[in-house]
Amino acid sequence: MSWDQIRAGLGTTLILWVGAIVIAIVIGALVCGLRMHRNTLVRRTTTVIIAIVRGIPPLVWVFLIFFSVTIGGQQLGSILAATIALGIVGSAYLAEIYRSGLEGVPPGLLEAANALGIPKRTVLIRIRVRLAVPMILAATSAYAINLLKDTALASLIGAQELTFLASYDVKNGASGLRVFLFLGFIYLVASVPIGILARYFTTRAQASLAGAR
Amino acid sequence: MNYFIDLLPGLLDSLRITAVVLIVGLPLGLVGGLLMHSLPRWAGLLILAVTEIGRGFPALVTLYIAYFGLPAIGIILHSFAAVVLSFAFTTACYTAEIFRASIAAVPQAQWEAGRALGLSRRIVVGRIVVPQALRQATVPILAFCIIIFQGSALAYSVGEPELLSRAYSAGTLSFSIMPYLLAASVLYLVVVLLFQLLVSWSTTHRNKPPRISANPKTTSISQ
């Protein structure tokens, strides 16, 4: 693969990745709020929706979004469709990550805070969320690494990211072994920065767990 | 509905892929995890390097290497074989880490007690350490099984006629892809949810693992 191709492909891959992550983080928070709502109907419906979103394979989601959404007669562009699809899947996973982080906060702490008369909203934000953040950051960064690899799926609907450009090369006669091995290492190398971040967050999360005891 | 009936062979193929991948990949992962745990430094690091590559490459790319790359060195694989080989490798790499962690989680005391009782290393590993490790590993491994089933959809990219492939083919032939995609989604969901139900049913009905403890009636301290 030429360096120009790598640069172009990497750019598209990063757009897909960052777009999906942002959607997942924002919508995931929303869904988590619904998932932990007081109203039982809201909670149960959200649980079902999360199960459905997680149960359908990401690639199928990509196809679903790509082929279903037509705005004013125009089909969605493949990059947009893939970003939305991966974002939707990600939001379901992140919603569960947020939820387990929030539920992992020692209940005794929350009871003590309530008993002290601290208003519920303050307890939620300044205590529960703050304590859940280390674990949430660790799990989210681990998920981000997986999301980077999932962007390769966009190649199957024609998005011109790294995998697509590599396949194009091979179809035109380049050595499949060399190109795809190289491609794999590009993904590996690209995941190193977030990997370092993920490891940092994980050790901080484990330290904060030990401190809370 | 007709759509479901048309897709059933695809579902069968997806299940077949999943089954073979797990049958081949999980034992490999277990061996890998064991080796990583017990081999000397450099050998364990070598296996770690392999698993990092297996986990670091997107599964789609590993599949492409098996299907499009191997012919460059003379190995031409049928799509099913390429899918199974590459996914089994990916499975082995991910599960090796799961098994390694679960083996490390078994208290060192178990190993020491076994050796102190005069049991051979093989028996200690096979009959004492590994069963306890497997109990720890059950949940993440089962979660991974679901991921593999969902991952079978990737086989579409090499023309393997699994569920998503058939949905796409049937859809493009009839110029209405959404009904087929939706039917395929439902089928994936049904399998995943059934599996999860099965898992939660079996874990609630499981007995507590027998503890290695002395029965006061049968042990005696005799000189």
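Table for the structure above
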item: Which listed residue is among the aliphatic types (A, V, I, L, M) and within 14 Å of chain B (Cβ to nearest Cβ), from A:ALA198, A:ALA205, A:ALA132; result: A:ALA198
item: Residues of region B:80-98 classified as closer than 23 Å to A:SER167 by Cβ, surrounded by 20 or more Cβ atoms within 10 Å (Cβ to Cβ) and either out of contact with any Ser or Thr (no Cβ under 7 Å at 6 or more places or on another chain) or of a type in the set (Ser, Thr, Tyr) (or both), total; result: 8
item: Hey, A:VAL53 within 11 Å of chain B (Cβ to nearest Cβ), in contact (Cβ under 8 Å) with a residue 12 or more places away in the chain and within 18 Å of A:LEU94 (Cα to Cα) or not; result: yes
item: Check on A:THR46, part of a helix (DSSP H, G or I) and surrounded by 13 or more Cβ atoms within 10 Å (Cβ to Cβ); result: yes
item: Hits in region A:152-165 (condition: more than 8 Å from every other protein chain (Cβ to nearest Cβ), open to solvent by less than 10 Å² (accessible area, probe 1.4 Å) and part of a helix (DSSP H, G or I)); result: A:ALA154, A:LEU162
item: Flag if A:ARG99 is open to solvent by 60 Å² or more (accessible area, probe 1.4 Å) and within 21 Å of A:ARG35 (Cα to Cα); result: no
item: Odd one out for B:LEU77 among (1) within 13 Å of B:PHE87 (Cα to Cα); (2) crowded, with 17+ Cβ neighbours inside 10 Å; (3) free of Cβ contacts under 8 Å to residues at least 24 places away in the same chain; result: (1)
item: Checking B:LEU117 against (1) in contact with a Gly (Cβ under 8 Å, 6 or more places away or on another chain); (2) aliphatic (A, V, I, L, M); (3) free of Cβ contacts under 8 Å to residues at least 12 places away in the same chain, the condition it does not meet; result: (1)
item: So A:ILE6, is it surrounded by fewer than 20 Cβ atoms within 10 Å (Cβ to Cβ) and at pLDDT 95 or above; result: no
item: Residue check, B:VAL84 under 19 Å from B:PRO27 (Cβ atoms) and hydrophobic (A, V, I, L, M, F, W, C); result: yes
item: Test: residue in region A:138-151 that is assigned to a helix (DSSP H, G or I), acidic (Asp, Glu) and open to solvent by 60 Å² or more (accessible area, probe 1.4 Å); result: no
item: Residue check, A:LEU64 within 11 Å of chain B (Cβ to nearest Cβ), in contact (Cβ under 8 Å) with a residue 40 or more places away in the chain and either in a helix (DSSP H, G or I) or buried (at least 22 other Cβ atoms within 10 Å of the Cβ) (or both); result: no
item: Some residue of region B:45-63 being modelled with pLDDT under 90 and part of a loop (DSSP other than H, G, I, E, B); result: no
item: Unique residue being in contact with a Phe, Trp or Tyr (Cβ under 9 Å, 6 or more places away or on another chain) and in a helix (DSSP H, G or I) when the list is A:LEU124, A:LEU86; result: A:LEU86
item: Selection count where residues are open to solvent by 30 Å² or more (accessible area, probe 1.4 Å) and either under 18 Å from B:ALA155 (Cα atoms) or among the polar types (S, T, N, Q) (or both), scope region A:172-198; result: 2
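Per-residue answers, yes or no, for (1) crowded, with 17+ Cβ neighbours inside 10 Å; (2) of a type outside the set (A, V, I, L, M):
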residue	(1), (2)
B:VAL158	yes, no
B:LEU164	yes, no
B:ALA167	yes, no
B:GLY171	yes, yes
B:SER174	no, yes
B:LEU181	yes, no
B:LEU187	yes, no
B:VAL191	yes, no
B:LEU194	no, no
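The values are calculated or read from the model by the stated rules, or taken from the named source; none is laboratory data. Just so it is clear, the model here is predicted, and its values are computed rather than measured. In this analysis, Cβ positions are derived from the backbone assuming ideal geometry, glycine residues included, and neighbour counts consider all displayed protein chains. For the accessible areas, the whole protein counts, side chains as well, though only heavy atoms, and no ligand, DNA or RNA atoms are used. Shrake-Rupley method; radii C 1.70, N 1.55, O 1.52, S 1.80 Å.
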